[in-house]
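First up is the structure itself, then whatever we jot down about it.
Values in this text are rule-based calculations from the coordinates and carry no lab data. Owing to the predicted nature of the structure, the values given are computational and were not obtained by experimental measurement. With ideal geometry, Cβ positions are generated from the backbone for all residues, glycine too; neighbour counts draw on all protein chains shown.
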Amino acid sequence: MKDSLYFRSAYNDLMKNKGVNVALVVVLVLSSFLMATGSMVMERLVGSVNQLFDEAKPPHFLQMHKGDDDPDALARFAAAHPEIDAWLVEEMLGFDSAAIAWHRPATGGSGDLADSLIDNLFVTQNEEFDFLIDETGAIPRPSQGEVYVPVAYQQRFDLQAGDRLAIRTDNGFQDLRVQGFVRDAQMASSLSSATRFLVSGADFRELGRAGGGEPEIIAEYRLADPSLAADFQRAYESDEALPKNGQAVTFQMIRIINAFSDGLVAVALVFVSLLLIAIALLNLRFVIRGTLEDEVREIGAMKAIGLPHKAIARLYLAKYRVMTFLACIVGGLLAVIATNLLTRGIQANYAEAPPSVTAILVPVLALGLVYLFVVAICRGVLRGVKKIQVVNALVHGSMLDERQTARRAERQARRVRKTSLASYRGGSISRRLAFLDLRAEGGQWVLIPIVFFLATVLMTLPMNLLSTFESPRFVTYMGAPESDLRADLQFSDDIDAVREDVLSSMQGDDRLTDVRAFANVLYETQGEGWEILRAEVGDYSGDTVEFLQGERPEPGQIALSVLNANKYQLSTGDKLTIRQGGESTAIVVSGIYQDVTRGGYTAKMQGEATTGAAGYVIYANAADGADPAAVAADYSERFPVATVIPMREYVQQTLSYVTGAFRSAAVLSFVFGVGVAVLITSLFLKLRLTRERRKMGVLSALGFSIGEIIAQVRGRTILSVAVGTLFGLVFAATAGESLVGLFISLAGLGISNLAFLPYPLLVYVAFPLILIAAGYFGAVVLTARLRSADKSGWLKG
Amino acid sequence: MSHDDHVTLESRDLTKTYHSTDPPTQVINGIDMSVRKGEFLVVMGASGSGKSTLLYSISGMDRPTSGNVFLEGRDLTSLSDTEMSRVRLTRMGFIFQQAYFLNNLNIRDNILLPALKAAPKERETAIARVDALLERFGIAHVGRHGITQVSGGQLQRASICRALACEPSILFADEPTGALNSSMTIEVMDALTDVHREGTTLVMVTHDPACAARADRVIYLRDGLLVDGRELGTWSEEQAMQREDALLAWLRKMGF
Ligand SMILES: Nc1ncnc2c1ncn2[C@@H]1O[C@H](COP(=O)(O)OP(=O)(O)O)[C@@H](O)[C@H]1O
Ligand SMILES: [Mg+2]
């Protein structure tokens, strides 16, 4: 009985104010939708990663290695370490992307994988752990002539089972049939720089005999206690005899990398959702207060017949409960669809987690929190009912008691005493009026600047983040000079000869200037035991790299990446002991720079790019008029073992995993920001205009035209919008930047001091103009109908 | 068109239908009326008979559904909203039951507002005229007060000042004493009589026979139709009681 009363009251109320309620529900739906989607994507990601880890049993520690190695040393090490549960050495053959072609006999379609920058490693299935898993979760074992291709390639090149793969060896092509696709727990993340193809033992031996592949190994270990992986890594790295020419990765790192690259989307969604919830709450507050003011007489009457204030508040709350509840349901349902779309990539790369309780529980919990929070805020605003006094409400239609009324009159009197139209010169009287109103009623209008402030922040931050990561100048966060071209030479037997070739042709090429070679040299340094320290040795003169602290290394000095400096707790001027070939030296840290490459752990030393290094990087600038892309293509052709690409493309490819997420976030928040801005402006003006009817009627009677009255409303709107947008921009450029910077530095990418590299025209000109236009659009739509109205009606209402 | 020099305002076959209701409400059903120059005309009728609607239709606040309104020979129904606003600003004054002042301006600024808007170039004259009005209606001392700080009578006198600020040729008043007690009513009616004596044309809607008795002529509305009118002649203090009695008798005949 009582419930049905509440429900009927809520229903009537919803119908009475359709436009406003619809706008509120839309904002609430958007908020709950994003919140649910964010939480579901996170849950699925964690579930999928865990599922794949369960099936594939990745190693707890692994060390990649190119070049000669000593199998006995590995066996000795394993024997000496009882914490090892199982271990293996996986042999791999690396083939260049351009050396792998596919064709489809059914249709005659064909192509190659040359567009891919990552390493293609051919392996056989492991026996004990670190399995490659097929789409059903089984462990496939290809027969001769069959190959299993990474799912990432399946998506990227649209491959199908039954396609043929041709691998170019030194002895012609080896032809394999694509039998299926495999997921790789170790190399699943879009961050990974390599991927594995599965072939039979016979084909593997055949590929090795034919030549053209680059042999590589991974030493892999499963530990009895995976949490000791870091200690184990130290033990491994301090052993001189073990192979170490390549990346070393722990179990935990694989997990973090996976979560980070694909979890960013989820984090961005939750961030956008939080801002939207803030906007929704501001609106609710505004609408509820307006309703209470409008219905103060009814409330007074209810109080007069003895209804307790709590019951009255509940009556009003019913409506917002219904609205929020509906919004959460609708948002949740939409989120199911969106999540399925968003997680398609995750599902393919990792695994389909079996349906579980948490998959339902997590979004329901998130939505439940949204619901409770929104209702709690509504309840708080409705506490205003308690303060309404029967007499004042019924007689004066006022929410205030005598003292408040008197104080308000006092304030108003003081204000109007000071203004005088008589002494005001210049400008139209209409504009003056709009300004005075805005000054006096700023409190009512404050919703608009706040909403536009939030909308601006919402739109600007993801966009700035995206433009920063997309900027060619981002190389300064990659510890690289701002040059036009980058050539990457990975370790191979004849690497020094190749390097000589590439370097001398580049230096002799008049399309290129400022050619510099850097050698990747492995040192060891004293952490908790001896650990690997990768240094790029070369010529750093001419301030090519930006330093966060200190300056470039002189001979005999070293510069460290932020993460290395933090790891060894060193700052500029401190000494660091390094060791190579058993020979230790102490060198001075000259400076610290930001670097996201190689996990963020790098170092730089001034010197000759000596021979015998693990790899080389050559940077060059394009001479005036030369096209870096054309030059790069030219060199790639001439030197197939070298990866030569324009710097811009290098940055793009290396960071594609984050820029993809940031782009989605930027697009999403742009659409939502503008949409919400229009919506809220309309909602606000709808309520505001009903409240200003009396005043508009008076102005009209006095001889103000509808055009002028509308212009006043639009003027006030634009001004409020502009103020909010301006503050939003300033905030985003200052505190917002620091906030995002903090988030990025906590993410452990190797950036500790992020400065946005924005598209200034877009962010500081187009965005504010678009937002102001959005506000103006709302104002135009809402004021348009004033023209046809009977003005006398405004005086009656 | 025919134009009698003595007629300031004229309506021909005026109708007004509100389409916002279902079915539409036809409130004015074809009214021909004229207001002579310098006349004090009172419109009476039962509540809901369409008095306010008539007033707003002939003053250009609302657009009539059909028919024409002429002000000094000019057809108001053909004007654009901007032109009509200009007419309201410079040729018309309005007084309402409630004073309806802008609460972000003090009393004097409220009155100055139309004057400064009408003649931004002649500020000094406008200011002097408004200050003279404040003086004349005895509210100069509250000019800088906020609108909540003065009495209802003072506020309604300020309304009259505001209506006169642009020296209009015609003044419209919709129950200007409807919300006032009897002493304040007399205060305000004296002021209006004064304005009329100075030569301003006045059209007033009222329920109060005592107020109506001050008019030169009274017309009576029933269901949106003009049913009758009565000439009262020029008002004087001495004949007030007689005029009121005669008017009441007539009104009773009308079914008031
Ligand atoms: N904006 C409107 N929409 C619909 N009906 C209206 C509107 N304004 C007035 N009316 C109706 O027109 C009739 C006459 O109203 P009004 O002119 O205010 O009467 P009076 O002033 O004589 O009391 C009333 O029945 C009223 O309900
Ligand atoms: Mg009326």
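Of the residues B:166, B:161, the one with the fewest other Cβ atoms within 10 Å heads the list, and the complete ranking is B:166, B:161. Working from Cα positions, state the angle (0 to 90°, nearest 10) between the long axis of helix A:357-382 and the longest principal axis of chain A. Long axis of A:357-382 versus the principal axis of chain A: about 30 degrees. Computed from Cα positions, the angle between helix A:767-784 and the longest principal axis of chain A comes to roughly 30 degrees. Shielding by partners for peptide B:94-106, expressed as the average number of C-beta atoms from other protein chains within 10 Å of each residue's C-beta, is 6.
Once the Cα atoms are used to define both axes, helix A:495-507 deviates from the longest principal axis of chain A by about 60 degrees. Summarising the label geometry, the points placed 7 Å from Cα in the beta-carbon direction at residue A:726 and residue B:242 lie 7.1 nm from one another. For chain B, the gyration tensor built on C-alpha atoms gives an oblate shape. Its axis ratio a/c (a ≥ b ≥ c) is at least 1.5, and a/b is not larger than b/c. Sorted fewest first by neighbouring Cβ atoms within 10 angstrom, A:794, A:530 come out as A:530, A:794. With the simple spin-label model, which puts each label point 7 Å out from Cα in the Cβ direction, the residue B:228 to residue A:231 separation comes to 11.3 nm.
For the segment B:45-58, counting C-beta atoms of other chains within 10 Å of every residue's C-beta and taking the mean gives 1. When the charge dipole of the protein assembly as shown is built from unit charges on Cβ atoms (+1 for Lys and Arg, -1 for Asp and Glu) and taken about the Cα centre, the candidate among A:571, A:521, B:226 whose Cα reaches farthest toward its positive end is B:226.
Note on the protein assembly as shown: dipole from Cβ charges, positive end direction compared against A:382, B:186, A:658; the farthest Cα belongs to B:186. Along its principal axes, the range A:623-682 has C-alpha extents of 62, 27, 12 angstrom, given from the largest down.
The mean number of Cβ atoms from other chains found within 10 Å of a Cβ in peptide B:107-120 is 5, as a whole number.
Assign unit charges at the C-beta atoms only (+1 for Lys and Arg, -1 for Asp and Glu), then state the dipole size of the protein assembly as shown relative to its Cα centre in Debye, rounded to the nearest 20. List each step's numbers first, then the result.
On the way: 101 positive and 116 negative charges, 1719 e Å.
With only Lys, Arg, Asp and Glu charged at Cβ, the dipole is about 8260 debye.
Principal axis extents of the Cα atoms in the range A:13-94, from largest to smallest and rounded to whole angstrom, are 84, 30, 17. The modelled label-to-label distance between residue A:403 and residue A:97, using points 7 Å beyond Cα along the C-beta direction, is 7.4 nm.
How high is the relative contact order of chain A, given as a whole-number percent (alpha carbon pairs under 8 Å, six or more residues apart)?
Details: 1353 pairs, mean separation 126.0, N = 797.
Here the relative contact order equals 16 percent.
Judged by the ratio a/c of the largest to the smallest principal axis of the C-alpha gyration tensor, the range A:21-145 counts as oblate, that ratio being 1.5 or greater while a/b is no larger than b/c.
Per residue, the convex hull spanned by the alpha carbons of the range A:493-640 comes to 124 Å³.
Normalising by residue count, the range B:83-179 has a Cα convex hull of 93 Å³ per residue.
Considering only the protein assembly as shown, what is the antiparallel percent among its DSSP beta bridges, to the nearest 5? Don't jump to the answer; show the numbers that get you there.
On the way: 104 of 141 bridges.
Looking only at bridges with both residues in the protein assembly as shown, the antiparallel portion is about 75 percent.
Legend: ranking of residues A:225, A:496, A:184 from fewest to most surrounding C-beta atoms inside 10 Å; resulting order A:225, A:496, A:184.
Gain on full extension, evaluated as 0.36 nm per residue between residue A:780 and residue A:110 minus their Cα-Cα distance, stands at 235.6 nm.
Give, rounded to the nearest 20 debye, the magnitude of the charge dipole that the range B:159-256 has about its Cα centre when Lys and Arg contribute +1 at Cβ and Asp and Glu contribute -1 at Cβ.
Working: 9 positive and 16 negative charges, 64 e Å.
Dipole of the range B:159-256, to the nearest 20 debye: 300 debye.
Here the gap between residue A:22 and residue A:735, fully extended at 0.36 nm per residue and compared with their Cα-Cα distance, gives a gain of 253.3 nm.
Where a Cα-Cα gap under 26 Å defines reach, which lysines qualify for residue A:791, not counting those fewer than 8 residues away within the same chain? Those lysines meeting the cut-off are A:16, A:18, A:686, A:695, B:16, B:51, B:117. Quick note on the range B:191-256: its Rg to Rh ratio, both from C-alpha atoms and Rh being the Kirkwood radius, is 0.96. Assuming charge only on the beta carbon of Lys and Arg (+1) and of Asp and Glu (-1), the dipole of the range A:493-640 about its Cα centre is about 580 debye to the nearest 20. Give the residue from A:618, A:544, A:508 lying farthest towards the positive end of the charge dipole for the range A:493-640; charges sit on Cβ (+1 for Lys and Arg, -1 for Asp and Glu) and the dipole is referred to the Cα centre. So the residue we want is A:544.
Stick to the Cα atoms of the protein assembly as shown, pair each with every other, and give me the Kirkwood hydrodynamic radius in Å at one decimal.
Working: mean 1/r = 0.0281 Å⁻¹.
With all distinct Cα pairs of the protein assembly as shown included, I get 35.6 Å.
Can you work out the base-10 log of I(q)/I(0) for the range A:577-627 at q = 0.25 1/Å, using the Debye formula on its C-alpha atoms alone? With no solvent term, the Cα-only Debye profile gives -1.30.
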